[in-house]
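Q: Have a look at this one before I ask anything.
Bear in mind that the values in this text are calculations on the coordinates, not laboratory data. Note that the coordinates shown come from a computational prediction; the quantities given were computed from them, not determined experimentally. All Cβ positions, even for glycine, are placed from backbone atoms using ideal geometry, and neighbour counts span all protein chains on display.
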Amino acid sequence: MADSKPAPSREFVLGYCDMMLDGVTREMHTTKKVIAAVPDASGDYRPDPKARTAKELAWHLASVDVQFLDEIADMKFSMEPRYKNEEPKTSAELATWYEKNFTRAAERVRGMTAEQLMTPLDFYGAFTFPAAFYLGFLNNHSIHHRGQLSTYLRPMGSKVPSIYGGSADEEWKAA
């Protein structure tokens, strides 16, 4: 964030944080369905030699989302993977791990003060934003990789769950 721009107000940053956490939590539930749809027997599927395997992509999506939330709460970003020794064996276990740890980490962010949420954080020298604004980056990261993973499902013999409406495999049902 450039120095010439005004800092967000306490009220704004608290409202923004609540709104974004509500949104990313809804997205997490959808992402969990996509992760759970990855067939364990096809975890090594990749659409191209340069692409991650389905298992690698699902783990990246889940672990980085959780790490990002924890790093916002820690107010410091690190390229070092935090959960490398926790990778679940099955898609069902990964979906459960994701929901449990995402919820835990999101609550850490929800507990931050306005002053913490307004604190500018450096993101690897690329840019600096108030801590709360990285929730938008998290949202984009998650949706981006979920979209990638959802395109793997049918070629692996699975079904694509409803994401923002029905799919050819799952009818959309209003809540």
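Q: For LEU121, what residues show an amide H to amide H distance below 5 Å, using hydrogens built from the backbone and excluding near sequence neighbours?
A: PHE129, ALA131
Q: Please arrange TYR98, TYR83, TYR164 by how many other C-beta atoms lie within 10 Å of their C-beta, fewest to most.
A: TYR164, TYR83, TYR98
Q: Here is a further query. Calculate the spin-label point distance for ARG10 paired with LYS33, positioning each point 7 Å from the Cα along the beta-carbon direction, and give it in nanometres.
A: Label at LYS33, label at ARG10, 4.0 nm between them.
Q: Report the extension gain between GLU107 and ARG154 in nm, rounded to one decimal, defined as 0.36 nm multiplied by the number of residues separating them, less their alpha carbon distance.
A: Contour length minus Cα-Cα distance gives 13.5 nm.
Q: Once R0 is set to 41 Å, what does the formula 1/(1 + (r/R0)^6) return for the Cβ-Cβ distance between ASN85 and TRP172, expressed as a FRET efficiency to the nearest 0.05?
A: After rounding, the FRET efficiency stands at 0.60.
Q: Give the value in nm², to one decimal: projected area of the alpha carbon convex hull of region 14-156, averaged over all directions.
A: Mean projected area for region 14-156: 8.3 nm², to one decimal.
Q: To make sure I understand, if each residue's beta carbon is the centre and we count other beta carbons within 10 Å, what order do PHE123, PHE129 fall in, fewest to most?
A: Fewest-to-most ranking of PHE123, PHE129: PHE123, PHE129.
Q: Quick one: order TRP172, TRP59 by neighbouring beta-carbon count within 10 Å, fewest to most.
A: TRP172, TRP59
Q: Could you grab the relative contact order for the chain? Cα pairs under 8 Å, six or more apart, rounded to a whole percent.
A: After rounding, I find 33 percent.
Q: For the pairs LYS55/LYS159; LYS33/LYS84; LYS33/LYS159; LYS32/LYS100, note any where the Cα-Cα span goes beyond 20 Å.
A: LYS33/LYS84
Q: What's the FRET efficiency of MET75 with HIS144 using the Cβ-Cβ distance as r and R₀ = 30 Å, to the nearest 0.05?
A: 0.80
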